[in-house]
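Working notes, beginning with the structure itself.
The values are calculated or read from the model by the stated rules, or taken from the named source; none is laboratory data. This is a predicted model, so every value here is computed, not measured. Here the Cβ is made from the backbone with ideal geometry for all residues, glycine too, and neighbour counts use every protein chain on show. Heavy atoms of the whole protein, side chains included, go into the accessibility calculation; ligands, DNA and RNA do not. Shrake-Rupley method; radii C 1.70, N 1.55, O 1.52, S 1.80 Å.
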Amino acid sequence: MSTATLSNVSTLTRDNSVWRKRWERFRHNKLAMVSLVFILLLASACAMAGPIEYLMGLDANATSLLRRFRPPSAQHWLGTDDLGRDVLLRLLYGGQVSIAVGLLATFITAVIGIAIGVIAGYVGGRFDNILMRMTDCIIALPLIPVLIVLGAVDLTKIGLSQDSASSPTVVFLRIVIIIALVDWTTIARIARAGTITVRNVDYVRAATVSGARARYNVLVHILPNIATPLIVAMTLSVGRIILFESTLSFLGFGIVPPTPTWGNMLTNAQQLIISAPMLAVYPGFLIFTTVMAVNFVGDGVRSAFDPRAETGSGSH
Amino acid sequence: MLRYTVSRLLQAVLVILVMSLLLFMLIGLMPGDPVENMLEGNPSLTPDTMAQMRALYGLDQPVYVRYGHWLYSALHGDLGYSSVYFRPVLEVLGPAIVQTAKLLVATEIISIPLAMLLGALAARRPGGWTDSLISLFAFASISLPGFWTSLILIIVFSVKLGWLPASGTPLMGDASLSEQIVHMILPVTVLTFFHVGPLVRYVRASMIETLNSDFVRTARAKGLSESAVIIRHALRNALIPMVTVLALGFGSLFSGALVVETIFGMLGMGKIIYDAVSNIDFNLALVGLLLATIVTLLSSLLADLAYAWLDPRIVLK
């Protein structure tokens, strides 16, 4: 492959054209493009929740027993819930939380996973063995039960004060951290496999022989060359993490009301399934379409970055 | 082979020990205090009696001492009492294991042939419209939140149509087989839909690779019919790696079972663990989780061994 030539020629023009080609290929993938646009629109709508609330003259948290279960109307586009709150606004605010958890947890997952994977792959030997056994163990765990126990941990028992343990920021960070704690293994494995391949390529050996330090090798040779599979894995991880968060919040061990998330909006909807079935439809539909769109984008990135895979499966 | 098996088994025991220590420490971090939970609402409760109770149960000792005691009694078959059910934890978990096993076995019995069929169909002409449709289905399967699918099915089939029950597990013995099956239809449907997507993608990829291999070309050149080539030659070989995929999928299937059991109110392992964590039933949560972990670890061990046994080209070391 041309990996060797690619990283030796580090001029901007060459780099640019690689990324342009990838973008060209991605752009021609209709499903991936539609998904990307959908995600961007949804994310901007969620980000605009505050202004929308102001413009429509509503208050997302105001409860009123007189306004319960209103059908869709000019003022409440998707109606109101069991406490008389506007469903659309709560969906948008819930989306902020779900998307933020997905992105932030993916970022932390990637940092942990890449660090552990690259070190294991580069150092090798016993260290590698121990780290990989560890990832094997975590991969083998039934994740939802483990996440539930992690979500139930009483933070005051590990030294947080009562107030800070129940503050919204801590609740948010806690779910991000516990998901990152169990989800880094996928990325670690990919980073390790990539590192081992690149480490044994001639030009990296040549660099080592000429006195390049480990840090230089990792930053200049290894990371740029394993970026493709990592970017794909990270995209797919966003979808998976949104599913984890919503499942945990649905079960009551994630983000707790009154902060709305798509997951915990469904907890309530389950009790109201006979009187207000639509309340159970909207949040889940958003989770489903968002995760599906993220997965399509991930798949699109995969084939745009690695055209060989495409032709390989397309030909006989 | 024997050496490999023994060393893997020893490794598994070590891993289980480490996991049990980790889970023991984690469960200890759940809110509440076992003694307070036990004596809740008892008017004669004074700080003195609480301290006495703590000393009696050894709760005033550091965590490694408590773990040592727990491990010692666990290895002697005493896994403690459930503080919610007031019964030994194994007595509580026994019927739950049977319930979950039924759910998982039924799911696998439907998922595996379905995944083989869809995967083989998709692999026949990669890029064709059957393939695109099946791939869309697989994407939907990995993107759908299981708890939402359950709610939608309940709305449609229980609330609107009234065809199927939305909850409950008729206990074995006093429920007829047909009643049990009726209660399993919705949960098994949800789990199958959740489980089958990754399997289909796997069978498809594996089939495409096999269909491009020399022995399939030979079979075609001999003039065998297309169905004979696919079923007798390609599919059988493509299935070998599926053993591993099935075993690795066990953990996520069990996670799915927890969600489904909770929503449909089935008293299986998943719901028992969920309830135990919600009600801070320390012993029950610990043993339930540990059992689930052990089964997952053993299934991946069995898969590795079965893999070598099914495919003589693989040498384990």
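Here are a few things to note about the model shown:
- Residue within segment B:271-280 that is facing chain A (nearest Cβ under 9 Å), under 27 Å from B:Thr149 (Cβ atoms) and open to solvent by less than 10 Å² (accessible area, probe 1.4 Å) present: yes
- Search result, residues across segment A:250-270 that are small (Gly, Ala, Ser) and touching a residue at least 60 places away in the same chain (Cβ under 8 Å): A:Gly254, A:Gly263
- Output for segment A:135-160, where each listed residue is more than 9 Å from chain B (Cβ to nearest Cβ) and touching a helix residue (DSSP H, G or I) at 6+ places or on another chain (Cβ under 9 Å): A:Thr135, A:Ile138, A:Leu160
- Of the numbered criteria (1) assigned to a helix (DSSP H, G or I); (2) away from chain A (no Cβ under 14 Å), the one B:Leu267 fails is (1).
- For segment A:113-134, the count of residues that are farther than 21 Å from A:Val232 by Cα, away from every other protein chain (no Cβ under 11 Å), open to solvent by 40 Å² or more (accessible area, probe 1.4 Å) and hydroxyl-bearing (Ser, Thr, Tyr) is nonzero.
- Among the numbered conditions (1) within 9 Å of another protein chain (Cβ to nearest Cβ); (2) open to solvent by less than 40 Å² (accessible area, probe 1.4 Å), the only one that B:Leu248 does not meet is (2).
- So B:Val63, is it within 14 Å of chain A (Cβ to nearest Cβ), under 30 Å from A:Ile139 (Cβ atoms), at pLDDT below 80 and out of contact with any Lys or Arg (no Cβ under 9 Å at 6 or more places or on another chain): yes
- When each of B:Val245, B:Val216, B:Val229 is tested for being touching a Phe, Trp or Tyr at 6+ places or on another chain (Cβ under 9 Å), assigned by TED's automatic domain parsing to the domain that holds B:Leu310 and of a type outside the set (Ser, Thr, Tyr), the lone residue that passes is B:Val245.
- Test result for B:Thr296, in a helix (DSSP H, G or I) and either more than 9 Å from every other protein chain (Cβ to nearest Cβ) or surrounded by fewer than 17 Cβ atoms within 10 Å (Cβ to Cβ) (or both): no
- Residue within segment B:88-111 that is surrounded by 15 or more Cβ atoms within 10 Å (Cβ to Cβ) and over 19 Å from the mean Cα position of the chain (by Cα) present: yes
- Test: residue in segment A:267-289 that is assigned to a loop (DSSP other than H, G, I, E, B), modelled with pLDDT of 85 or more and surrounded by 18 or more Cβ atoms within 10 Å (Cβ to Cβ): no
- Residues of segment B:124-153 satisfying the condition of being within 11 Å of chain A (Cβ to nearest Cβ), over 25 Å from A:Arg240 (Cβ atoms) and assigned to a helix (DSSP H, G or I): B:Arg124
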